[in-house]
Amino acid sequence: MLRLAAVLVTPQAGAGAPPGVDPREFLFAVAEDTYEIVAGLDLVEPVIVAAGVDGLEEIAWPGTKVLSAPDVAGAFAALRPYGEEAVVVSADAPDLPPLLIGKLFRELGRAPIAVCPAEGGGAVAIAARLPYPDWATAGLDDPDVVARLRAQAPGRRMVATGPGWHRLRVPGDLARLDPGLEGWENTRLLLSAGRPSA
């Protein structure tokens, strides 16, 4: 089975930039770190989906597809020709544990859609069997993605959930980053460079 893991990069992914850090630089740093997570997964093809952001080829490994789509449903439609299952991950989750993506794929064994909820509402990632169900219209930023998808689903148990995680949507969310966790090197480097010296 061909599985895809796509990072959905929107302009809003730069909104967590703290004062003194350029939002576009922050966007590219978190997007690259999130991409590195999906690119490191076994038996999964990484993809970048640009939703109104240019120049993302520079953060991709050679051979990585960089597609364009306006939203989550568009991302799944763009991924359809390339695989049988896919997960779309928000670009503002640079420290997402890869294990959580694996859990979403596992949940697709019993449900056509699986969601990694985000702390504070929305979702960090949505996984689905392809083609993406026509009834599913919720996006990563809908306040209660799981409830909305379950209300849209034509049957019970069609939307599974995995463990939740956090996104960097506002500067205050940076406190959620654990310096002890491996990864998120680009974000870490940018934030350390942006700190004023004492």
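The values are calculated or read from the model by the stated rules, or taken from the named source; none is laboratory data. Just so we're clear, the structure is a prediction, and the values are computed from it rather than from any experiment. These accessible areas exclude ligands, DNA and RNA; they are computed on the full protein's heavy atoms, side chains included. Shrake-Rupley method; radii C 1.70, N 1.55, O 1.52, S 1.80 Å.
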What is the projected area of the convex hull of the Cα atoms of the range 1-77, averaged over all directions, in nm²?
-> 5.2
Cα convex hull of the range 84-181, projected area averaged across orientations, nm² = 6.1
Would you mind telling me the share, in percent, of accessible area of the range 1-103 contributed by carbon and sulfur at probe 1.4 angstrom?
-> 55
Residues whose modelled amide H sits under 5 Å from the amide H of Ser68, counting only those 5 or more places away in sequence or on another chain, are Ala50
Whose amide H sits under 5 Å from the amide H of Arg167, counting only residues 5 or more places off or on another chain, with H placed in the peptide plane?
-> Glu119
Cα-based convex hull, the range 138-195, per residue volume (Å³, whole number) | 114
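Using a 1.4 Å probe, what is the accessible area per residue for the range 59-161, in Å²?
Spelled out: the 1.4 Å probe surface of the range 59-161, per residue, equals 43 Å².
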Take every Cα-Cα distance within the chain, group them into 10 Å bins from 0 onward, and report for each bin the whole-number percent of pairs it holds.
-> 9, 39, 36, 13, 2, 0
Treating every alpha carbon of the range 93-146 as one equal point scatterer without solvent, the Debye formula yields log10 I(q)/I(0) values at q = 0.20, 0.21, 0.25 Å⁻¹ of -0.72, -0.79, -1.05
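Which whole DSSP H helices in the chain pass both tests: a Cα extent of 15 Å or more along the axis and a mean Kyte-Doolittle value no lower than -1.0?
In the chain, the long hydrophobic H runs are 23-39.
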